[in-house]
Amino acid sequence: MHPSHRPAGPRNVPANPRLPAAILLARVVWLLGLAGALILGMLAWFGASGLPMPARLLVAGLPLWSLMALTWLTFGLEMLAVAAQHRDDPAPRPGPGALLRAGWRESVLATRVFGWRQVWRSRAFADRLEPGTGLASGRVGVLLVHGYHCNRGFWWPEWPAWLAARGQPFIAVDLVPAWTGIDTYAPQIEAAVARLVAVTGRPPLIVAHSMGGLAVRAWWRWRGAIGRPDLPMPRVLTLATPHRGTWLSRGFGPPNARQMQPDSAWLLALAAGEDARWRARFTCVHSHCDNVVFPPARALLDGAAEALHWPGLAHLELSRDARVWPLLERLLAEVAAEGTTEAGPLSCPARPARCAPTVATG
């Protein structure tokens, strides 16, 4: 089932309408940028009054053309880095055409996600819990965990529409503050999981994009450190998560960006504290055209149940590809076949073959 409509009615009203400071700041910057572009465009329009109309329109649109050119240049440079750093990665080497197409699509999607959805639509949908009705009891909840420099608006509109159409309980968290150590997010994930368990009576399926997957791993380590064995290990789907870091993070920027540099001390310590049972709960999706997490193998977690390679897709695209919906259907069915919230480790999924690591492409 592909999302074909958006949630309607009261579900479009967020449970907590208070906007984080980062979103308010983003909106102020967005409005200032729009006002500045309009002023510059008007000045250019009147300054080019002696030119023919087509030339005058081109001059007036210079702020827009400059922004578009900068966006294309940024993604073009990232794709060049993807090609240069691929080296002996086991994933197939992407051709120039695949990188060009992926970069173009990513530039369009990134403009929509960062320029509109996260700025203005992060509160366009509510978490779906149906508290007090019993409608969510026994169903598998879904926890959506966004990545670096993002918020819950990242998932809009496709994910809430798909989950609402199925009547699936879900929560989309806001990881705040945006620029801090990844361990900071553990209590926030814990609170969201607790809310889902309270209405469903079972551990959720966790879907994490990019840095969100590292936040989930850090959360589970945090639970162990504070002595919380009361929740079975949940299933986790990571989309383009830099499990082993990424070349794009070179040790600069805020703490969470520095933690994602390849084989950082933080990543090595995180891996050292994990056991095989926890890692076997992961399904990792990656691509050889990912312009943020590369080389591609950096998005794989050793010991994960599945490693799925979806060729030709860039970083944001991996969360929107048509293959994500049947994968989600299958994972939800497998989680539904497992136990509820009784303490202790979960057994393997209903299909034993899924307990062994698999590598698939498609």
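No value in this document is a laboratory result; all are computed from the given coordinates. Everything numeric in this text was worked out from a predicted model, so none of it was measured. Every residue, glycine as well, gets a Cβ built from its backbone with ideal geometry; the counts of neighbours run over all protein chains shown.
With a 10 Å radius around each residue's Cβ, average the other Cβ atoms per peptide and rank 159-168, 239-248, highest first.
Details: 159-168: 19.7, 239-248: 25.1.
Ranked by mean Cβ neighbours within 10 Å, highest first: 239-248, 159-168.
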* Rough spin-label spacing in nm, given labels placed 7 Å along Cα→Cβ, for residue 70 and residue 277 -> 5.1 nm
* **Built amide H within the under 5 Å cut-off of residue 141, gap 5+** => 205
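Direction-averaged shadow area of the convex hull around the Cα atoms of the stretch 21-120, nm²? Write out the running numbers ahead of the final one.
Details: hull surface 35.8 nm².
Result: a mean projected hull area of 9.0 nm².
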* How do 287, 249, 49 rank when sorted from fewest to most other Cβ atoms within 10 Å of their own Cβ? -> 49, 249, 287
* To do: Binning at 10 Å from 0, report for the stretch 71-202 what percent of all alpha-carbon pair distances ends up in each bin.
  => 11, 30, 29, 22, 8, 1
* Projected label distance in nm at residue 45 and residue 111, using a 7 Å step from Cα toward the beta-carbon -> 2.0 nm
* Asked: Of all chymotrypsin sites (Phe, Trp or Tyr not before Pro) in the stretch 36-76, which ones are in loop regions per DSSP and have a Cβ with at most 15 other Cβ atoms within 10 Å?
  -> none
* Structure fact -> Everything considered on the Cα gyration tensor (a ≥ b ≥ c; rounded for a/c under 1.5, else prolate if a/b is larger than b/c, else oblate), the stretch 142-361 must be described as rounded
* **Near-label residues of the stretch 204-241 by backbone N, under 16 Å of a point 7 Å along Cα→Cβ of residue 330** => 236-239
* Structure fact -> residue 58 and residue 77 label points (each 7 Å along its Cα→Cβ direction) are spaced in nm at 2.6 nm
* So how far, in whole Å, is the C-alpha centre of the stretch 86-162 from the one of the stretch 188-218? -> 16 Å
* Name the residues of the stretch 226-269 whose amide N is less than 17 Å from a point 7 angstrom out from the Cα of residue 321 along the C-beta direction? -> 237-243
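What is the fewest-to-most order of 226, 171, 206 by other Cβ atoms lying within 10 Å of their Cβ?
Working: 226 9, 171 23, 206 28.
Fewest to most other Cβ atoms nearby, the residues stand as 226, 171, 206.
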* Hey, fewest Cβ within 10 Å first, where do 221, 128 land in order? -> 221, 128
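Based on the alpha-carbon set only, what is the convex hull volume of the stretch 264-330 divided per residue, in Å³? Before the final figure, lay out each step's value.
Values: hull volume 5.9 nm³, N = 67.
For the stretch 264-330, the hull spanned by Cα atoms encloses 89 Å³ per residue.
Beyond 22 Å, what share of the Cα-Cα pairs of the stretch 190-313 remains, rounded to the nearest whole percent?
Numbers: 2615 of 7626 pairs.
Tail of P(r) above 22 Å: 34 percent of Cα pairs.
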